[in-house]
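Some notes on the structure that comes next.
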C-alpha cells in the first residue's frame, strides 16, 4: 500500500506537473474575480473567504478524472482490481495520494490568495484550516465520480457535473466556519465540527462507493 | 492445484460472446485459446481473471485447504493487451512497485527485480524510463512483471504481440519453465509456443468446438 | 557585452556544441562581474541614507525595481527567442525561451513579494488591485502557464513551437491587458488606498538603483546561459538514454 502511495506521488511529480496546473487554475480563478466585481478592497475582503473556497473547490475537481483513468489507460487498473487488499483500501490510498499531490498544494497556496483578497489574518487562517479539513471530503466524493466515469472517453466534464452538487454541503459548512471565525456573533466550532464529520463520513462512503463502481465498470 | 471453469458464458451489452465453456486445468497444464478476432478470447480471460462477471457459470480454484477459498483473481497473473507500466517511471521503479504491491503468495518464489529483468534479457536498461523502451522491450518488461511475484496461474492475452522471433522463443521458454514448476497457463495466442502438454480451445464466436483431450 | 552576447546567441550560435564551448569561456567572467556589481550595489544600497518619509523601507526598492524591470525584459528575450523558433527554426531559440520562463517567473515573483513587503508598511495592505500590480501579476500567471505547457508536452521541439506561439500572442496581448486594466482601474479606484507617491528620485537613490539594475541584468544573463546549457545537457542525456534502450534491444 505504501508502494502504491509512493508510486502515485512520484507519478504526479514527474508527469506534467498536475499540482502546478491546479494551483495555477486556482490563482487564475481567484484573480479574475476582482475584475468582475471591481477592486473595492472592502467588498473583496468581505467576499474573500467564499471566493477562495469556490476557487479551491473548482481547482480540486480539475485533475480528478485522471485519478483512475490514467491507470485504466495503461492496464494497471485491471491488476489493481485483481488484488484483494481490500479494494476499498486501495481506493483510499489512491485518494490520499491524489489529495497530497493535487489538493494539499491548493491549501498551502490559499493564504497567498487571501492576501490578494485583502482578508484579515484571522480570516486567512480560518480559510486555510477549513480547507485543510474540508478538502479531503472533496477528493473522496470526487473519487466516486471518477470511478463512475472511468470508462468514458471524455469523462472530465462529466465528473465535475456529477460531483459538484454532492460537494455543496462541504462548501456550505466550510465557508460558514470560515466566516464564523471572523464575524463575532456566530460560533466557529459547530460548523467546523460538522465539516470534520462530513470529511470523515465521506472518507468511508467515498472509497466504498468508488470501489463498488470500479468493480462494476469492468469492460 | 486445479483451475476449474463450469459452463461459462458472457455477454457484452446484449450480444452473447460465448456460452457454456468448461475446462479444468491441473498443475503443469496449459490451455491455448485460439480463434478469429472477436471470438471472445480476451473476454474469456477477463472472466477468468474476475474482471468481468460471467452471465452464467463460475470459475473456482482448488488447492491446499488454505488457498481453496481464495477468489481466482488472487492466484492469477493477468497480462492484458496493455502493459500496466508507467512510461514516466523507470523500469526498476515499475517492477519494484508491482513486486511490492502484488506481494508473494505464501510459499511463492518471486524473483528480485534484477533477476526478472535478466530472465527477459533486458537487465542493462533497468534504470531507463519505461517510455524510452521500444514496443517489444516494453512487452518483455511487462512479462518480467509476472516473475517478480509468484502466482500459480498466468492468464496471457496475446503475450507475443509486437515481439520478434527471438523474443517469442524467450517467452515460450519462460512459459515452459512456469509449467515445469507446476504452474498453470491460459493463453490467447496464435503462436504455437512449443508447448507439449497443451490443451487447445478453439473459439468460434458464440459456439465453440474443442480439440483437446480431456475437457469435462 | 551582455547585449552583444544576446545577439550573437541568435545569429552565430547555430549549433549547440559551439554554444557550449563559448558558454564555458564566458560564464566565469559573467558570474564574477555579476558578483562584483552585486557587492558594490548592495554596499551602496545600505550606505545611502534612508528616505525621510519611508525610512529604511526604501531600500526594498533597490531589489524591487530591478526585479520588476527584468521580469519584463525576460519576456522580451522570450519573445525574441520565440520569433527565432517560429521564423528561423533555430534549435537554440527553442531552448532559450524554455530556459527563460522559470527565470522570468522567479524575477516576477521577487518583484511581487518585495512590492508586497513594501506595500504593507506604506499602504497598510499587502495587495491592492492597482493597474500596475495587476498587470505584473497577470505576467506572473502567464509565465507559470508557459512553464506548465512546456512540462505537459513530451516532444521538446513541438512544445517549443506551441509555446512560442503562446509567447508571441502574450507579447501582443500584454499592452492590451495593460490598457484594459488601466481603464478598468480608473473607474473603480477606491479612495481609501494611498497612491504611491514615490520620492522624487535624486542621485542619492539613483546610483545604487542603476548599479543594482546592472547587477540584476548580469544575473539574468548568467542564469539564462547556465539554464540553456543545462537544458542542452539534459536533452543529450535523454538522447543517450534512448540510444541505450535501442542498443540493448539490438544486443540480443
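The values are calculated or read from the model by the stated rules, or taken from the named source; none is laboratory data. Quantities reported herein were computed from a predicted structural model and do not represent experimental measurements. Neighbour counts run over all protein chains shown; Cβ positions are idealised from the backbone, glycine included.
All conditions but one from (1) touching a residue at least 24 places away in the same chain (Cβ under 8 Å); (2) within 21 Å of residue A:30 (Cβ to Cβ); (3) more than 14 Å from every other protein chain (Cβ to nearest Cβ) apply to residue C:97; the one that does not is (2).
Here is a yes/no grid of residues against (1) touching a residue at least 24 places away in the same chain (Cβ under 8 Å); (2) surrounded by fewer than 20 Cβ atoms within 10 Å (Cβ to Cβ); (3) at the interface with another protein chain (Cβ under 9 Å from one of its Cβ atoms):
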residue	(1), (2), (3)
B:52	yes, yes, yes
B:71	no, yes, yes
B:82	no, yes, yes
B:91	yes, no, no
B:124	no, yes, yes
B:152	yes, no, no
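When residues in the stretch B:13-72 are screened for being farther than 24 Å from residue A:216 by Cα and touching a helix residue (DSSP H, G or I) at 6+ places or on another chain (Cβ under 8 Å), 9 of them pass. Taken as a whole, the condition of being within 12 Å of residue A:126 (Cβ to Cβ), crowded, with 18+ Cβ neighbours inside 10 Å and over 15 Å from the mean Cα position of the chain (by Cα) does not apply to residue A:175. Filter the stretch B:37-50 down to residues that are free of Cβ contacts under 8 Å to residues at least 60 places away in the same chain and within 13 Å of another protein chain (Cβ to nearest Cβ) and give me whichever is nearest to residue B:204 (Cα to Cα). Only one residue fits best here, namely B:43. Within the stretch B:170-193, being surrounded by 15 or more Cβ atoms within 10 Å (Cβ to Cβ) and not in a strand (DSSP E or B) holds for B:170, B:171, B:172, B:174, B:175, B:176, B:178, B:179, B:183, B:189, B:191, B:193. When B:166, B:162 are screened for being out of contact with any strand residue (DSSP E or B) (no Cβ under 9 Å at 6 or more places or on another chain), within 23 Å of residue B:44 (Cα to Cα) and either away from chain A (no Cβ under 13 Å) or in a helix (DSSP H, G or I) (or both), only B:162 passes.
Residue B:6 satisfies every condition listed in (1) part of a loop (DSSP other than H, G, I, E, B); (2) in contact with a strand residue (DSSP E or B) (Cβ under 7 Å, 6 or more places away or on another chain); (3) more than 14 Å from every other protein chain (Cβ to nearest Cβ) except (1). Of all the criteria given as (1) in contact (Cβ under 8 Å) with a residue 40 or more places away in the chain; (2) part of a helix (DSSP H, G or I); (3) buried (at least 19 other Cβ atoms within 10 Å of the Cβ), the one not satisfied by residue A:25 is (1). Checking the stated criteria, residue C:119 turns out not to satisfy the condition of being within 8 Å of chain A (Cβ to nearest Cβ) and in a helix (DSSP H, G or I).
In the set A:24, A:64, A:43, only one residue is away from every other protein chain (no Cβ under 13 Å) and in contact with a helix residue (DSSP H, G or I) (Cβ under 7 Å, 6 or more places away or on another chain); that residue is A:64. Of everything in the stretch C:102-120 that is touching a residue at least 60 places away in the same chain (Cβ under 8 Å) and under 8 Å from the mean Cα position of the chain (by Cα), the residue that is nearest to residue C:58 (Cα to Cα) is C:107. For the stretch B:5-27, the count of residues that are under 17 Å from residue B:159 (Cα atoms), touching a residue at least 24 places away in the same chain (Cβ under 8 Å) and within 18 Å of the chain's Cα centre (by Cα) is zero.
With respect to the conditions (1) more than 14 Å from chain B (Cβ to nearest Cβ); (2) touching a residue at least 24 places away in the same chain (Cβ under 8 Å); (3) outside any helix (DSSP H, G or I); (4) farther than 29 Å from residue A:47 by Cβ, residue A:152 lacks only one, and its number is (2). Anything in the stretch C:122-144 that is more than 8 Å from chain A (Cβ to nearest Cβ), in contact with a helix residue (DSSP H, G or I) (Cβ under 9 Å, 6 or more places away or on another chain) and more than 11 Å from residue C:177 (Cβ to Cβ)? List them, or say none. Correct list: C:122, C:132, C:133, C:140, C:143.
The set of residues in the stretch A:57-91 that are under 10 Å from the mean Cα position of the chain (by Cα) and part of a helix (DSSP H, G or I) comprises A:57, A:58, A:59, A:60, A:61, A:62.
Residue check: residue B:34 meets all listed conditions (1) within 16 Å of residue B:159 (Cβ to Cβ); (2) facing another protein chain (nearest Cβ under 10 Å); (3) at pLDDT below 85 but one, namely (2).
Yes/no per residue for (1) within 29 Å of residue B:2 (Cβ to Cβ); (2) touching a strand residue (DSSP E or B) at 6+ places or on another chain (Cβ under 9 Å); (3) surrounded by fewer than 23 Cβ atoms within 10 Å (Cβ to Cβ):
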| site | (1), (2), (3) |
| --- | --- |
| B:94 | no, no, no |
| B:103 | yes, no, yes |
| B:110 | yes, no, yes |
| B:116 | yes, no, no |
| B:119 | yes, no, yes |
| B:128 | no, yes, yes |
| B:133 | no, no, no |
| B:149 | yes, yes, yes |
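Among the listed residues A:114, A:134, which satisfies the condition of being crowded, with 19+ Cβ neighbours inside 10 Å, within 20 Å of the chain's Cα centre (by Cα) and at the interface with another protein chain (Cβ under 10 Å from one of its Cβ atoms)? After ruling out the rest, the residue left standing is A:114. When the criteria are applied in full, residue A:6 meets the requirement of being within 14 Å of chain B (Cβ to nearest Cβ) and either over 20 Å from residue C:143 (Cα atoms) or part of a helix (DSSP H, G or I) (or both).
Among the residues of the stretch C:153-167, just one is outside any helix (DSSP H, G or I) and out of contact with any helix residue (DSSP H, G or I) (no Cβ under 9 Å at 6 or more places or on another chain), namely C:155.
Apart from one condition, residue A:78 fits all of (1) within 14 Å of chain B (Cβ to nearest Cβ); (2) within 30 Å of residue A:40 (Cβ to Cβ); the exception is (2).
The condition of being touching a residue at least 40 places away in the same chain (Cβ under 8 Å), touching a strand residue (DSSP E or B) at 6+ places or on another chain (Cβ under 6 Å) and at the interface with another protein chain (Cβ under 7 Å from one of its Cβ atoms) does not hold for residue B:57. Residue A:94 passes every criterion in (1) in a helix (DSSP H, G or I); (2) within 14 Å of chain B (Cβ to nearest Cβ); (3) surrounded by fewer than 23 Cβ atoms within 10 Å (Cβ to Cβ) apart from (3). Could you say whether any residue in the stretch C:202-213 is modelled with pLDDT under 80, within 14 Å of chain A (Cβ to nearest Cβ) and not in a helix (DSSP H, G or I)? Scanning the stretch C:202-213, I find no residue that is modelled with pLDDT under 80, within 14 Å of chain A (Cβ to nearest Cβ) and not in a helix (DSSP H, G or I), so the answer is no.
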